[in-house]
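Any read-out appearing in this document is the output of simple, stated calculations on the displayed coordinates, not a laboratory observation. Predicted, not measured: the structure shown is a model, and the values here were computed from it. With ideal geometry, Cβ positions are generated from the backbone for all residues, glycine too; neighbour counts draw on all protein chains shown.
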Amino acid sequence: MTVWDTLVGQRHVITALEKAVAGHGMTHAWLFTGPPGSGRSNAAVAFAAALQCRQGGLGPDCPDGCHDCHTVLAGSHADVSVVRTEKLSIGVDEVRDLVRRASLSPMGDRWQILIVEDADRLTEQACNALLKAIEEPNGRTIWMLCAPTVEDVLPTIRSRCRLVTLSTPTAEEVAGFLVARGVAEPLASYAARASQGHIGRARALAFDEAVRTRRQEVVSMPARLTNLGRCMDAATRLASTAKEEADAITAELDAREKVDLDAAYGVVERGRRPREYGPALAALEKGQRTRAKRRHLDVVDRGLTDLMSVYRDAIALASGAPGALVNEEIRDQVESIVATSTPELNLRRIGWIFAAREQMLEFNVPVALALESMMVALQAPQR
């Protein structure tokens, strides 16, 4: 095993990073880009592990038996900091804390590495604080930023970074990855197709039956959008199901954070709340609401991606494109959509789904309203 084993279908990226670890083309700032699920942050963490490892992440004990590799991959290495956010943006205070750490010498004898996931979520002030740190780097500090595309990062920042572009792995590569981890071949094949190259989504589909059930409900919606009532019902079900799933994900974390806050202020031991507890609780609850909103939008967005895959299949089927459908298991429903539409109409439908996504993510339109408008636009014509 090596530190690169979690990267699927990224041989060109691994080769470039291995050369950098060996000292060829190494620089102080990197920008990892690629479509959702391609493994941007995994690539950055694996690169960090290889840089901290005295064997470049390729030794006989790497990664599990190597202390440096193991601690980096586990998120506990003293000289590797990873910024992950559950909020809608990464603020200037978080970046200033990173910049402060970047100015310090590493505790070990190798690198101080700072990884920013979702660098596209940096606020303008945060970008300005980060730019100064990247312009004047510490000699033993390395910045690694992750974003979907180079356009999602300020030109002044991306011009100072070496670009690493990941690609979407093929269904065969994703299926092979799952089979190697004990998933039966038929299920691995289904998860690989349904995930459309998204590694995290493929894992969830392969190992969680509830995830498969929810997806099945979503991809079955287009064939049933035959009247206004069904369109409104589909919008309500998609919004409520996404809310339930998002709440289930965040509820346990919210409760754990509340327990930790109470313990930090001694609420249980003292039997009363100190003056500072109120503002801290208010700040915690505000952050939790923001996180819950983002999680809800993320789950809805995933549902929209599944919806688009059905219309993509209809276009492929109507045009005689080779290869298996993404939703091969509902081919009969896709055929019914083809019979009542044209490729041009289904392409416009995909555009309407993108428009609903933009309304929710960019313009803060309420989820229920955006989904209702979208479902009505998607309504199938009467035969």
Projected onto the charge dipole of the stretch 313-383 (unit charges on the beta-carbon of Lys, Arg, Asp and Glu, signs +1, +1, -1, -1), the Cα from P322, P366, S341 with the largest positive-side position is that of S341
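Given the DSSP H assignment, sum -39500 (n - 2.57) over each helix run of at least 4 residues in the chain and divide by its residue total; what's the result at 222 nm in deg cm²/dmol, nearest 500?
On the way: 16 runs with 223 residues, N = 383.
Value at 222 nm, helices only, nearest 500: -19000 deg cm²/dmol.
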For K258, go through the lysines and keep the ones whose alpha-carbon is under 29 Å away, minus same-chain ones fewer than eight residues off.
K87, K243, K286, K293
Taking max minus min of the Cα coordinates of the stretch 213-333 on each principal axis, largest first, gives extents in Å of 70, 33, 19
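Going by a ≥ b ≥ c, the root eigenvalues of the Cα gyration tensor, does the stretch 1-62 fall in the rounded group (a/c under 1.5), the prolate group (a/b larger than b/c) or the oblate group? Provide the component values of the computation, followed by the final result.
Working: a/c = 1.87, a/b = 1.22, b/c = 1.53.
Oblate.
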May I ask you to list the lysines whose Cα is less than 29 Å away from that of K19, ignoring any residue fewer than eight positions away on the same chain?
K132
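What's the ranking of 94-103, 335-344 by average number of surrounding C-beta atoms within 10 Å, highest first? Each step should come with its number before you reach the end.
On the way: 94-103: 17.2, 335-344: 15.2.
Ranking, from highest mean packing down: 94-103, 335-344.
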Between L31 and residues 5 or more places away or on another chain, the pairs with built amide H atoms under 5 Å apart involve L145, R162, L163, V164
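Eigenvalues of the Cα gyration tensor times 5, then square-rooted: what semi-axes does that give for the stretch 289-383, in whole angstrom, largest first? Intermediate results must be reported in sequence, preceding the final value.
On the way: eigenvalues 149, 44, 21 Å².
The answer is 27, 15, 10 Å, longest axis first.
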Positive end of the charge dipole of the stretch 228-378 (Lys, Arg +1 and Asp, Glu -1 on Cβ, about the Cα centre): tell me which of L261, A239, A356 has its Cα farthest that way.
L261
How big is the charge dipole of the stretch 153-255 about its Cα centre, in debye rounded to the nearest 20, if each Lys and Arg gets +1 on its Cβ and each Asp and Glu gets -1 on its Cβ?
500
Phi to ³J(HN,Hα) by Karplus 6.51 cos²θ - 1.76 cosθ + 1.60 over the stretch 8-17, Hz, x for Gly, Pro:
9, x, 10, 4, 5, 5, 4, 4, 5, 6
Write down Rg/Rh for the stretch 254-299, rounded to two decimals, with Rg from the C-alpha atoms and Rh from the Kirkwood relation over Cα pairs.
1.10
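Given +1 on the Cβ of Lys and Arg, -1 on the Cβ of Asp and Glu, and no further charges, what dipole in debye does the stretch 291-383 carry about its Cα centre, rounded to the nearest 20?
Details: 11 positive and 12 negative charges, 69 e Å.
Value, rounded to 20: 320 debye.
For the chain, compute Rg over Rh where Rg is the Cα radius of gyration and Rh is the Kirkwood radius from the inverse mean 1/r over Cα pairs.
Details: Rg = 23.2 Å, Rh = 23.2 Å.
A ratio of 1.00.
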Return the ratio Rg/(2.2 N^0.38 Å) for the stretch 166-227, where Rg is computed over Cα atoms only.
1.21
Global size of the stretch 10-165 as Cα Rg and Dmax, reported in angstrom:
14.6, 44
